[in-house]
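First up is the structure itself, then whatever we jot down about it.
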Amino acid sequence: MRLATFQANGRVSYGAVTVGGIIDLGRKLAKYPTLVDVFRGKAFGEVRAAAMGEPDHKLSDVALLPPLLAPEKIICVGINYPERGAEYKENREAQKYPNLFCRFPPSLVGHEQPIVRPKVSDRFDYEGEIVLVIGSEGRHVPREQALAMIGGVTLGNEGSVRDWLRHGTLNVTQGKNFDRSGSLGPWIVTADELDPEKPLHLMTRVNGELRQDDTSDRLTWGFAWLINYISTFTTLRPGDLIWTGTPTGAGGHQTPPKWLKPGDVVEVEVPEIGVLRNRVVDEA
C-alpha cells in the first residue's frame, strides 16, 4: 500500500493512494486518528480492508502533507555513503560509528509544498535520502531481526543550511532544523510491498539535472545495522523515522558550489517509492 497524509477542504486526514486518487481512511477508521496511530496500532489489516472502492479525492485536489505529522523520533544519519567523507576534504579517518542527529517535525513539508530558504543564509542545500518508518517497538534489536522492524519506506530531502551546521564545534542541529527547510513523502510504501533487502536506486535532481545517484546496498551502515545500533541506546517505536544518509553530489560540495535559490525544483526519487518534489522559495 501507499499511505499518505493529506489536507482537503480544510480537513486533515490520511488515506491509501490508488491509481485513481486517494481513499480517505481517516474517515473510515476513526479509532486511528492519524497514520502514526495506524503504525502504533499495527492496524494494516484494517487499513487494507478499508482501502477498497472508489477514491474519495483526486490527488490533484488534495495537498499532500508529510506522511507522519508527529513521530516520536526523527533520527538522521550523516556521511553514510562510501565517498561522502572525501567531500569534506578534511582527511578524516574512517569512522567506526555513524554521525547521528535529530530533526524536528516543523522543519519538514510534504510533496509539492515549497521548501523555504531562510533569510539568514544563501547556502541552502539539498540531500536526497531513503527514510525508514519503524513498524514495531524494540530495544537492543538483533541485526538478524532488524529488517522485520521496518513498517514502510518513504523519501526525504534533508534541506540543510550549510553555514549553520557548525555554529558549535560539533553539532549540526541548527542547520538541519530551519522551519520548512526539508521535505518528506510523497507517501509511505508499506513493507509488504517493498523488500528492504533489495537495493533501492536513489536519485536527486535539481531543475531536471541529475545531481545524486546511488544505491542503498552501498551504504556504509545498512538498514539492519542502523536499527540494531540505534535501538541499543533508545527504544524504537512505531512511526519513528530513520533517515539513512545522502549520496555524494549535494550542491555545497560541488566546485563552484551550486546552492539552491528561489524557483529551483528538487526531486528525490526511488522508482519503487515514487518522486518527492518541492520548489524552493525565500523566507517571507
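The values are calculated or read from the model by the stated rules, or taken from the named source; none is laboratory data. Being a predicted model, the structure only gives us computed values, none of them experimental. Positions of Cβ are backbone-derived with ideal geometry, glycine not excepted, and every protein chain shown enters the neighbour counts. The protein model used for the area step is the full one, side chains on, heavy atoms only, and it has no ligands, DNA or RNA in it. Shrake-Rupley method; radii C 1.70, N 1.55, O 1.52, S 1.80 Å.
Identify the residue in the stretch 2-30 that is touching an Asp or Glu at 6+ places or on another chain (Cβ under 8 Å) and surrounded by fewer than 18 Cβ atoms within 10 Å (Cβ to Cβ) and, among all such residues, is farthest from L236 (Cα to Cα).
G20
Residues being within 23 Å of E72 (Cα to Cα) and in a loop (DSSP other than H, G, I, E, B): count how many of those fall in the stretch 222-272.
So the answer is 10.
Working only within the stretch 46-63, note down all residues that are under 16 Å from M1 (Cβ atoms), open to solvent by 10 Å² or more (accessible area, probe 1.4 Å) and of a type in the set (A, V, I, L, M, F, W, C).
A49, A50, A51, M52, L59
Being farther than 30 Å from T255 by Cβ and either hydroxyl-bearing (S, T, Y) or not in a loop (DSSP other than H, G, I, E, B) (or both): is that true of G175 here?
Here the answer is no, as G175 does not meet what is asked.
Considering only residues of the stretch 200-220 that are more than 17 Å from the chain's Cα centre (by Cα) and of a type outside the set (G, A, S), which is surrounded by the fewest Cβ atoms within 10 Å (Cβ to Cβ)?
Selected residue: E209.
Just give me the residues in the stretch 31-45 being surrounded by fewer than 16 Cβ atoms within 10 Å (Cβ to Cβ) and not in a helix (DSSP H, G or I), in sequence order.
K31, P33, G41, K42
Within the stretch 93-136, work out how many residues are small (G, A, S) and over 16 Å from K73 (Cα atoms).
Qualifying residue count, the stretch 93-136: 4.
Test T255 against the criterion of being hydroxyl-bearing (S, T, Y) and without any contact (Cβ under 8 Å) to a residue 12 or more places away in the chain, and give yes or no.
Judged against the criteria, T255 is a match.
Looking at (1) in a helix (DSSP H, G or I); (2) within 16 Å of I74 (Cβ to Cβ); (3) of a type outside the set (A, V, I, L, M), which one does D163 not meet, given that it meets all the others?
The one condition D163 does not meet is (2).
Out of E158, E197, report the one residue that is touching a helix residue (DSSP H, G or I) at 6+ places or on another chain (Cβ under 8 Å), among the acidic types (D, E), closer than 19 Å to W221 by Cβ and surrounded by 20 or more Cβ atoms within 10 Å (Cβ to Cβ).
E158
List every residue pair whose Cβ atoms lie under 6 Å apart, where the two residues are 6 or more positions apart in sequence or sit on different chains, the first residue falls within the stretch 32-55 and is without any contact (Cβ under 8 Å) to a residue 24 or more places away in the chain, and the second residue, located anywhere, is part of a helix (DSSP H, G or I) and surrounded by 17 or more Cβ atoms within 10 Å (Cβ to Cβ).
Every condition considered, the pairs that remain are Y32/V38.
Among the residues of the stretch 80-98, count how many are modelled with pLDDT of 90 or more and closer than 19 Å to H253 by Cα.
The qualifying residues number 2.
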